[in-house]
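First comes the structure, then the notes that go with it.
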Amino acid sequence: MSVFSDLFYGLSVAAAPQNLLVAVVGLVLGTIIGVLPGLGGTNGVALLLPLTFKLSPTAAIILLSSVYWGAIFGGAITSILFNIPGEPWSVATTFDGHPLAKQGKAGIALTAAFTSSFIGALVAIILFTFFAPPLAELALKFGPPENFAVLLMAFATFTGLGGANPWKTLFMTFLGLLLSTVGFDVVSGMPRMHFGLTSLQSGISFVVIAIGLFGLGEIFLTVEEGLRIEGVEARLSFRDIWETWKMFPRYIWTIVRGTILGFWIGVLPGTGATPASFMSYGLAKQFSRHPERFGKGEVEGVVAPETAAHAAGIGALLPMVTLGIPGSPTAAVMLAGFFIWGLNPGPLLFKEQREFVWGLIGSMYLANVIGVILVLTLVPVFASINRIPFGILAPLIVILSSIGAYAVNNQVLDLWIMLGSGVAGYVFKKLGYPLAPLVVALVLGDMTEQAMRQALIMGHGSPAIFFTRPISAVFMAASLFLFLLPLIRMVWIKLRPKQPEAEPVEVV
Amino acid sequence: MKGARRWARRGLILALGAIFLLSTGTRLIDAAPTFSPTRPIEWVIPAGTGGGADQQARFMAPLIAKYKLSPQPLIPVNRPAGAGAQGFLYMLERTGSPHIILITLDNLFTTPLVQVLKKPDGSRFTWRDMTPIARLLLDNFALTVRCDRGWKTVADFKKAVESAPPGTFKMSGTGSKQEDEIIMVLLEQTWKVDFTYVPFPGGGAVAAAVVGGQTDFSVNNPLEMVGHWDAGRLCPLAVFASKRIPFGKWKDIPTMKELGYPIEYQMLRGIFGPPQMPKEAVAWYQDLFRKLLDTPEMKDFIERGAFDEAFLTGPAFERWLEEKERTIRNLMIKGGLIPKS
């Protein structure tokens, strides 16, 4: 039986009227969930899980996965419009998406986000369709040393991201790392840096910090600048979409890189879409001919994280379907659904549940096509939100942010953390400290530390384990190269004849 | 005349007494729950999304709705901070409420032992601060290895471990100073060997590490590894239960005890209420979960996950909890996971 006949069968399952309806409902709900900061795809899927009891397993997984895709599409909306990341993986989208919106180009930024999200998804689904089982095998070769090497590479791609002052970048990176150590340490089994507060034992949630630093900080700045969001005169038309699409061929390498990177990092259990989106952004900037434009409203800076995030979302389902191992928290909740539907997750699912697996794969194609059409037709609507007077919009944003921050861990302390980081975000912006390194360090610090310590335990304390395992060694070498790249470039520029001074780089 | 009236009065008193006795008697026999929830019930999971306890609560909550066992929905809420500490302390805040319950795993015992949990009044938190409702299931542990490593029996495995330098064999386990590590320490002490413990954040990742050859073995819960077993990747060598698991392929897997290694460990999957939960509410939840265990979906789940169905309530449950807590404390002290105190 060829993959193609399976795929056609899957598409026919997914195109059945009730499954199609379920997909549309899921996409709409998912988009709304993605827009609300903090609520997130994981919570959304968990909330809808009980409803799936009444559906067939195939319709149920289509509903939940459609919610997931919707959330990935929707996460970009608030990032671009209000600088508030609706989902962790859309933090990198704020770096360039929000500046674009401020320039009155919200329509372009949204179109770029949705389109690249769709392309990333489509390529990832094709990879999923043809290579799922062998890729799952390869993913199992990735243990703690390999994960550490990959995460180190994520850090490496971000060196030099902060802009002009390396000391400020370094300071923010260490602050982020410091914050990431708060909470429960898996390796020792003990809470640390919690100052006697039980609520802090779950760690400082990266989403809460991001909502505060980016969203609230931005509102404070706007208040100071005179209660006005720029871009009120934004042109609202479907021409934006066409204009944006014309730019896409230029970003082909960014898209290819983002998709492959995102898909693969999504497949690895224990990493997920967020590091993928950061890495893709960092690499796009590193390889760009004009990295100084990043952070100021470069369309490529929206394309890179979005392709990677959506590709990673698809990739995360791969180990779930093929091995019964969730690749992301959202996938973990879906896995609970398998038991409800009477399915046995694991390697035999592909053989035993043909309708389910191929129906899911078929629905990935259809749901993402429907999804992108859905969100693209709404671009003018979303973009027009910025026309609402700031006096009305700001309180609404603050309320939504607060609900979102509370929803992450169901604790009131997070509201204070959000407020605190809002003030910090304002101060940092004023003093020219870059926010991106802090957020990257906070989100990756925890995983990186855990992977490193697990690997060191496995290696009986010797760091040689990172270099003796072939996959790990390759990634370590790549990270070292990337770490040194800015230095190499500096030397290169010094050696070359003098060029006109580059314009000062604005802080992300 | 006077005597007759006195007799009449006595008769009346007796009759009233009889009615009283009868009425209480029927209540004792019938135990009809007089409580019924009037608000949605919060179901606290003292662990993260995707873990064993989380999967079970999220599996049971819709089942309860499907069979209309409760007039109000049960809403699972994760409060995972501090290895469950956040969830336990949250229960104290809701003292006396009949609309909140908690699903437990063994962190109910280990967490308060590893990190002393302080109640608002400064004293130490234990499970006694909550209202025990029922023990539902006991989760098993299986000594799990990759099938292609050539260890068909525990004896093969033990021989391989003994012939390698100490610490060569790596075990992946969930978290630190919790069930998995306790079992590993027991195994080390019984066999007089040394393993290297590599903590992972969840049971799925633990099993994947063995499949991928990152570690050599694990003591996974059946539900976490049975998919890999079906696919011929992971093989259980023995279970740590007191008797063999009576389902399907598990019937052929020996217990550690019958192989001559007296190591027994099972994990509690039970339900607790907040402090001073009304008695009628406790009875209502007991009735609810008793009925839930009898649904066909639950039977399938129990078989799939190789659980021991172990419904137990009241003083017997409390005695079991006392015993279990004592055992865990002794094991942890013996294994050097917590200081003697």
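The values are calculated or read from the model by the stated rules, or taken from the named source; none is laboratory data. Keep in mind the model is a prediction, meaning the values are calculated, not measured. Heads up, the Cβs are rebuilt from the backbone with ideal geometry, glycines too, and the neighbour counts pull from every protein chain shown.
For first residues located in segment A:355-380 and touching a residue at least 24 places away in the same chain (Cβ under 8 Å) and at positive phi, partners that are of a type in the set (Asp, Glu) and surrounded by 23 or more Cβ atoms within 10 Å (Cβ to Cβ) and lie 6+ apart or on another chain with Cβ distances below 7 Å do not occur. With respect to the stated conditions, residue A:52 fails to be in contact (Cβ under 8 Å) with a residue 24 or more places away in the chain, more than 22 Å from residue A:111 (Cβ to Cβ), surrounded by 24 or more Cβ atoms within 10 Å (Cβ to Cβ) and in contact with a Phe, Trp or Tyr (Cβ under 9 Å, 6 or more places away or on another chain).
With respect to residue B:122, is the statement that it is out of contact with any helix residue (DSSP H, G or I) (no Cβ under 7 Å at 6 or more places or on another chain) and assigned by TED's automatic domain parsing to the domain that holds residue B:319 true?
Taking the combined requirement at face value, the residue satisfies it.
Do we have residue B:338 as over 14 Å from residue B:132 (Cβ atoms) and either out of contact with any Pro (no Cβ under 7 Å at 6 or more places or on another chain) or in the same structural domain as residue B:186 (by TED's automatic domain parsing) (or both) here? Answer is yes for this residue. Output the number of the condition that residue A:347 fails; it satisfies all remaining conditions of (1) at pLDDT 75 or above; (2) facing chain B (nearest Cβ under 10 Å). The single condition residue A:347 does not satisfy is (1).
In summary, helices (runs of 4 or more DSSP H) completely within segment B:46-127 and bearing 1 or more residues that are within 24 Å of residue A:54 (Cβ to Cβ) occur at B:52-66. Tallying residues that are within 11 Å of chain A (Cβ to nearest Cβ) and not polar (S, T, N, Q) within segment B:148-170 yields 4. Exactly one residue out of B:289, B:317, B:272 is within 25 Å of residue B:112 (Cα to Cα), in contact with a helix residue (DSSP H, G or I) (Cβ under 9 Å, 6 or more places away or on another chain) and away from chain A (no Cβ under 14 Å): that is B:272.
Residue-by-condition table, conditions (1) touching a residue at least 12 places away in the same chain (Cβ under 8 Å); (2) within 14 Å of chain B (Cβ to nearest Cβ); (3) in a helix (DSSP H, G or I):
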| residue | (1), (2), (3) |
| --- | --- |
| A:86 | yes, no, no |
| A:113 | yes, no, yes |
| A:120 | yes, no, yes |
| A:124 | yes, no, yes |
| A:145 | yes, yes, yes |
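Inspect segment B:184-193 for any residue being within 11 Å of chain A (Cβ to nearest Cβ) and touching a residue at least 24 places away in the same chain (Cβ under 8 Å) and give the result as yes or no. No, the conditions are met nowhere in segment B:184-193. The set of residues from segment A:186-213 being touching a strand residue (DSSP E or B) at 6+ places or on another chain (Cβ under 8 Å), outside any loop (DSSP other than H, G, I, E, B) and either within 7 Å of chain B (Cβ to nearest Cβ) or surrounded by fewer than 21 Cβ atoms within 10 Å (Cβ to Cβ) (or both) comprises A:190, A:191, A:192, A:201, A:202. With respect to the stated conditions, residue B:218 is touching a residue at least 60 places away in the same chain (Cβ under 8 Å), surrounded by 20 or more Cβ atoms within 10 Å (Cβ to Cβ), in contact with a strand residue (DSSP E or B) (Cβ under 7 Å, 6 or more places away or on another chain) and hydroxyl-bearing (Ser, Thr, Tyr).
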